[in-house]
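Accompanying notes for the structure given below.
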Amino acid sequence: MIQFQNVTKQYPTGNTALDDVTFTIDRGEFVFVVGPSGSGKTTLFRLLIRDAVPSSGSIHIGDWDLVNLPKNKIHELRKNIGVVFQDLKLLRDRTIYENIMFPLEVGDIDSQEARDRVEQIIERVGIAEHRDKFPVQLSGGELQRAAIARALAFSPEIILADEPTGNLDNATSWEIIKLLQDINASGTTIVMATHNADIVNSLRNRTLVIEKGKLTKDQHGKHKKAEHKTQDEGN
Amino acid sequence: MKATKTTLQHIRRSPYQSLAAVSIMMLTFLAITVFAFIVFGSSAVINFFESKPQVTAFFKNEATQQNIDDLRHQLDQTGMISSSKFVSKEQALEIYKAQNKNDPLLLDLVTADILPASLEISTTQIEDLGPVSEILQKSPYVSEVVYQKDIVSTLTKWTNALRIIGVILIVVLTGVSIFIMMTVIGFKVSQKREEIEIMKLLSATNWYIRWPFMLEGILYGAVGTVVGWIIATGGLLYFSPYLQSFLSGIPIFPVSPIFFIAILVGELVLAILLGVLASSLAVLRYLK
């Protein structure tokens, strides 16, 4: 599903964010990416959504060759990957419902279909009662759920979650993990960057350890890959 | 539809900036319309004079009827004359009285004695005006010869000067309106920078982001043009009776509605191009 082959990313400042990283993630896996701040986790995510291009190496997601992907195809790629950003990137002047609807509007989805889909997602992530609130009115955990809901809008095959439990208390963190596990159980591949050792140790999923841009450990866990299901089955 | 909705939202949320953009476009197109009227109007006046080759000779007081008849006969023999009309001192006074009937002071001051008798001669071709006026000037009884070549060349000089001033004014106003529209739209783009960044990360194409801003530019241009055109056209129609009496005899009025519509259509095309240009330049920085 996701193939990183000898990927190096060097920024114009000379800083090497990733250094000769190689790994493969199969469909339906739930993989943790761990490492200290500045180790290259966010760069890895940026490379996966073609927000950055590697200095060398190759990246493939399914049939997509990300290095040679023409600019006018980037938006197509991004429809297949849901992202929960570290800073959430929810629009402050839109309600939760409008935020979740936003990618579907952008993606030019038929408005009735989009409304149905948002209704389903909003129920699934458990924030139906907050649909008409603005981001500033929600707690950290609720905002995370809203961000996850938006990532689910296109029913993507992959979800990238960048530190989704970063600012949450322990109980709320586990709620978010549970939600991601549910999504994974429906066949969606999940790649989650985290600092939370407690979660990583408890779940014992496959874990990629990145330190100073190098992949220092690829620890296969006990987690079984989820069967890929169709969207309807997943919901 | 979504782009139109977004555009209207942009305008609603910052109405004064939108008003500034529309106002400058309105001024630009008001100037363009007024100059279009002047250029087309003066061309019509010049054409009128060019199509009527005429020369007028004013006689000295000592000229007798016999002298004048001899001169008419001499001119008829050239074969260049299509018609000629003698205006005596008394007839000149009548014409003068008719032109100034509302101003008794002017009427009291003038008598038939101080007005010269004249001969209005039409030639079949405009080129014949030169030789005919030469014959008239050689006559010892003629004090002054006026022919339309002078009027036409004076008018052409004025029209050209007006055209140059008009073109400069329009170029300056167009430049200013592009800059103001760029600033207004650029400001809105920068206000929405975060949203644009998120849109891109959430699979929006550049055109999806660009369209509402482009439409905004087009809308400013179109609304400004229509308002400017209405003011200029309304002004021309309002002043038509005065202009008609001032330009009496020259068949310009009534102006055809097709002329007004053609100007509006031409201006709308120009306005849309300006709107697209200004908004494209404004968005370019953020959507490379």
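Given the criteria away from chain A (no Cβ under 14 Å), assigned to a helix (DSSP H, G or I) and among the aromatic types (Phe, Trp, Tyr), does residue B:242 qualify?
yes
Within the range B:16-35, does at least one residue satisfy the condition of being under 30 Å from residue B:113 (Cβ atoms), more than 23 Å from the chain's Cα centre (by Cα) and in contact (Cβ under 8 Å) with a residue 12 or more places away in the chain? Working first, answer last.
Within the range B:16-35, the subset under 30 Å from residue B:113 (Cβ atoms) is none.
The answer is no; no qualifying residue exists.
Yes or no: residue B:172 free of Cβ contacts under 8 Å to residues at least 40 places away in the same chain and away from chain A (no Cβ under 14 Å)? Don't jump to the end; show me each part of the working.
Numbers: free of Cβ contacts under 8 Å to residues at least 40 places away in the same chain: yes; away from chain A (no Cβ under 14 Å): yes.
Yes, satisfied.
Has the range A:44-56 got at least one residue that is touching an Asp or Glu at 6+ places or on another chain (Cβ under 6 Å) and on the phi < 0 side of the Ramachandran plot?
Of the range A:44-56, the ones touching an Asp or Glu at 6+ places or on another chain (Cβ under 6 Å) are A:45.
Restricting the remaining residues to those that are on the phi < 0 side of the Ramachandran plot gives A:45.
There is at least one residue in the range A:44-56 that is touching an Asp or Glu at 6+ places or on another chain (Cβ under 6 Å) and on the phi < 0 side of the Ramachandran plot.
Just for the range A:138-153: of the residues that are buried (at least 21 other Cβ atoms within 10 Å of the Cβ) and assigned to a loop (DSSP other than H, G, I, E, B), which one is nearest to the chain's Cα centre (by Cα)?
Only one residue fits best here, namely A:152.
Can you pull out the residues in the range A:78-115 that are in a helix (DSSP H, G or I) and within 8 Å of chain B (Cβ to nearest Cβ)? Talk me through it step by step, then tell me what you get.
At the first step, the residues of the range A:78-115 found to be in a helix (DSSP H, G or I) are A:78-79, A:96-106, A:111-115.
Result: A:78, A:79, A:102, A:103, A:105, A:106.
Conditions: (1) in a helix (DSSP H, G or I); (2) surrounded by fewer than 20 Cβ atoms within 10 Å (Cβ to Cβ); (3) not charged (D, E, K, R). Residue B:232 meets all but one. Number of the miss?
Condition (2) is where residue B:232 drops out.
In this structure, does residue A:191 turn out to be among the β-branched types (Val, Ile, Thr) and either within 14 Å of the chain's Cα centre (by Cα) or part of a strand (DSSP E or B) (or both)?
Yes, satisfied.
Among helices (runs of 4 or more DSSP H) lying entirely in the range B:1-105, which contain 3 or more residues that are more than 30 Å from residue B:212 (Cα to Cα) and at pLDDT 80 or above? Quick ask: steps written out before the conclusion?
Details: elements: B:2-13, B:15-51, B:65-76, B:89-99.
Passing ranges, in order: B:15-51, B:65-76, B:89-99.
With the requirement that a residue be touching a residue at least 12 places away in the same chain (Cβ under 8 Å) and either within 17 Å of residue A:30 (Cβ to Cβ) or acidic (Asp, Glu) (or both), what does the range A:126-143 give you?
A:132, A:142
Please work out if residue B:208 is of a type in the set (Phe, Trp, Tyr), more than 30 Å from residue B:268 (Cα to Cα), surrounded by 14 or more Cβ atoms within 10 Å (Cβ to Cβ) and out of contact with any Gly (no Cβ under 8 Å at 6 or more places or on another chain). Can you show your working first?
Working: of a type in the set (Phe, Trp, Tyr): yes; more than 30 Å from residue B:268 (Cα to Cα): no; surrounded by 14 or more Cβ atoms within 10 Å (Cβ to Cβ): yes; out of contact with any Gly (no Cβ under 8 Å at 6 or more places or on another chain): yes.
No: the conditions fail for residue B:208.
Please pick out the residue among B:103, B:128, B:113 that is touching a residue at least 60 places away in the same chain (Cβ under 8 Å) and either over 18 Å from residue B:56 (Cα atoms) or not β-branched (Val, Ile, Thr) (or both).
Values: B:103 fails: touching a residue at least 60 places away in the same chain (Cβ under 8 Å); B:113 fails: touching a residue at least 60 places away in the same chain (Cβ under 8 Å).
Going through B:103, B:128, B:113 in turn, the sole match is B:128.
Among the numbered criteria (1) buried (at least 21 other Cβ atoms within 10 Å of the Cβ); (2) touching a helix residue (DSSP H, G or I) at 6+ places or on another chain (Cβ under 6 Å), which single criterion is violated by residue B:169?
(1)
How many residues are at pLDDT below 85 and among the polar types (S, T, N, Q) if we restrict to the range A:197-225?
1
Looking only at the range B:92-106, decide whether some residue is out of contact with any strand residue (DSSP E or B) (no Cβ under 9 Å at 6 or more places or on another chain) and β-branched (Val, Ile, Thr).
no
Of all residues in the range A:36-73, count the ones that are within 11 Å of chain B (Cβ to nearest Cβ) and touching a Ser or Thr at 6+ places or on another chain (Cβ under 8 Å). So that I can check it myself, show each step before the final result.
Start the filter on the range A:36-73 by keeping residues that are within 11 Å of chain B (Cβ to nearest Cβ), which leaves A:45-46, A:49-51, A:71-73.
Among the residues that remain, those that are also touching a Ser or Thr at 6+ places or on another chain (Cβ under 8 Å) are: A:72.
Adding up the residues that qualify gives 1.
Output the residue which, of all residues in the range A:75-117 that are β-branched (Val, Ile, Thr) and modelled with pLDDT of 90 or more, is nearest to residue B:191 (Cα to Cα). Even if it seems obvious, please write down each step before you answer.
Step one: filter the range A:75-117 for residues β-branched (Val, Ile, Thr), giving A:81, A:83-84, A:95-96, A:100, A:106, A:109.
Checking which are modelled with pLDDT of 90 or more leaves us with A:81, A:83-84, A:95-96, A:100.
On the way: A:81: 27, A:83: 24, A:84: 24, A:95: 19, A:96: 21, A:100: 22 Å.
The qualifying residue nearest to residue B:191 (Cα to Cα) is A:95.
Every residue in the range B:176-219 that is of a type in the set (Phe, Trp, Tyr) and away from chain A (no Cβ under 14 Å), please. Walk me through how you get there before you give the answer.
Taking the range B:176-219 as the starting set, the residues that turn out to be of a type in the set (Phe, Trp, Tyr) are B:179, B:187, B:207-208, B:211, B:213.
Within the range B:176-219, B:179, B:187, B:213 qualify.
The values are calculated or read from the model by the stated rules, or taken from the named source; none is laboratory data. Given the structure is predicted, the values throughout are model-derived calculations rather than measurements. Quick reminder, even Gly has a Cβ in these numbers, built from the backbone with ideal geometry, and neighbours come from all protein chains shown.
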